[in-house]
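Here the structure comes first, spelled out in structure tokens, and everything after it is commentary.
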Amino acid sequence: MTAEEAVARLDSGMTLGIGGWGSRRKPMALVRALLRSPVTDLTVVAYGGPDVGLLAAAGKIRKLVAAFVTLDSIPLEPHFRAARERGAFELMEIDEAMFMWGLHAAANRLPFLPVRAGLGSDVMRVNPGLRTVVSPYEDAEELVAVPALRLDAALVHVNRADRLGNGQYLGPDPYFDDLFCEAADTAYVSCERLVETAELTARAAPQTLLIKRHTVTGVVESPNGAHFTSCAPDHPRDEPFQKAYAAAASDPAAWAEFAARFLPPHGSEKDYRSAVRTWHEEQR
């Protein structure tokens, strides 16, 4: 599929999971296609980075479920910060482990899973809808009942994939992308390079085959599709461009200029790559 074909299958009001972690291996080409679409009123579920920031800046988020929203080398995503300060959307902020077990619950079609994470913290205070359960065994331990993070659709990015939907990561961390796909009714996987199935295991260990074809609806070949986030070992994070993005986000006029250049509503991913290439040439 193309990124536009994948996004065309999304509807306003959906609960959308976005893989990756902070400013690492985010499906940014798919996010940019989503920005160009009419889809809005989303509940976004993510270990957030610039994916959340861009969707927040575009006013496409109704509710966010996240453990954090960061650019890694820049601690707090600036568009997310601005959106929260003006109360632009509802936020369910939970512990990283709670988030992971919420995905596990959804992947296993369970209503919730019990965890210790969150007990004794303000997570319970800021999320009054969370409930606890008591172990039915002799220990009678009280645990947090983390609700399943069930997704209508998921977007993830990996290093390699085949046409059947098998996805492979080659970097140091899977970032729970497999759980996002398993927790969703439909999942769209973008990849740095589309390869034949045999090539997935020819040069890498079998455990790198993170995403299984039965959980995937569509595959999008998108070289550098995680830009400006990292996709190790294919490419590092584009730190100079990320700094420019963050600086522009702090000023409405600067952001309007940035968005017009890199994220025009009638542009394309090819246009984006060309604009980034030209920008880098200008910095020399």
>> Can you list the strands (runs of 3 or more DSSP E) lying wholly within segment 116-202 that have 3 or more residues being modelled with pLDDT of 95 or more and charged (D, E, K, R)?
In response: 184-194
> Restricting to segment 78-110, what's the tally of residues that are surrounded by fewer than 16 Cβ atoms within 10 Å (Cβ to Cβ) and under 12 Å from A183 (Cα atoms)?
Replying inline: 3
> How do the pairs read when you match residues in segment 269-284 that are surrounded by 12 or more Cβ atoms within 10 Å (Cβ to Cβ) and part of a helix (DSSP H, G or I) with residues anywhere that are of a type in the set (G, A, S) and at pLDDT 95 or above, using Cβ under 7 Å and keeping only pairs 6 or more apart or on different chains?
Replying inline: E269/A3; E269/A29; E269/S222
> Just to be sure, is S37 touching a residue at least 40 places away in the same chain (Cβ under 8 Å), surrounded by fewer than 18 Cβ atoms within 10 Å (Cβ to Cβ), among the hydroxyl-bearing types (S, T, Y) and in the same structural domain as A232 (by TED's automatic domain parsing)?
Replying inline: no
> What single numbered condition from (1) surrounded by fewer than 23 Cβ atoms within 10 Å (Cβ to Cβ); (2) within 27 Å of Y272 (Cα to Cα) fails to hold for R203?
Replying inline: (2)
>> in contact with a strand residue (DSSP E or B) (Cβ under 6 Å, 6 or more places away or on another chain) and of a type in the set (G, A, S): which single residue out of G87, G118, G129 fits that description?
In response: G118
> Which pairs do you get when a residue that is farther than 24 Å from L103 by Cα, found in segment 66-81, comes within reach of a residue that is modelled with pLDDT under 95, reach meaning Cβ atoms under 6 angstrom, with the pair 6+ apart or on two chains?
Replying inline: P78/S250
> In the set V52, V39, which member is under 10 Å from the mean Cα position of the chain (by Cα) and among the aliphatic types (A, V, I, L, M)?
Replying inline: V52
>> Condition first: part of a loop (DSSP other than H, G, I, E, B), without any contact (Cβ under 8 Å) to a residue 24 or more places away in the chain and surrounded by 14 or more Cβ atoms within 10 Å (Cβ to Cβ). Now tell me which residues in segment 230-263 satisfy that.
In response: none
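The values are calculated or read from the model by the stated rules, or taken from the named source; none is laboratory data. On a predicted model such as this, the values are computed, not experimentally measured, just so you know. FYI the Cβ positions are ideal-geometry reconstructions off the backbone, even for glycines, and counts take in every protein chain you see.
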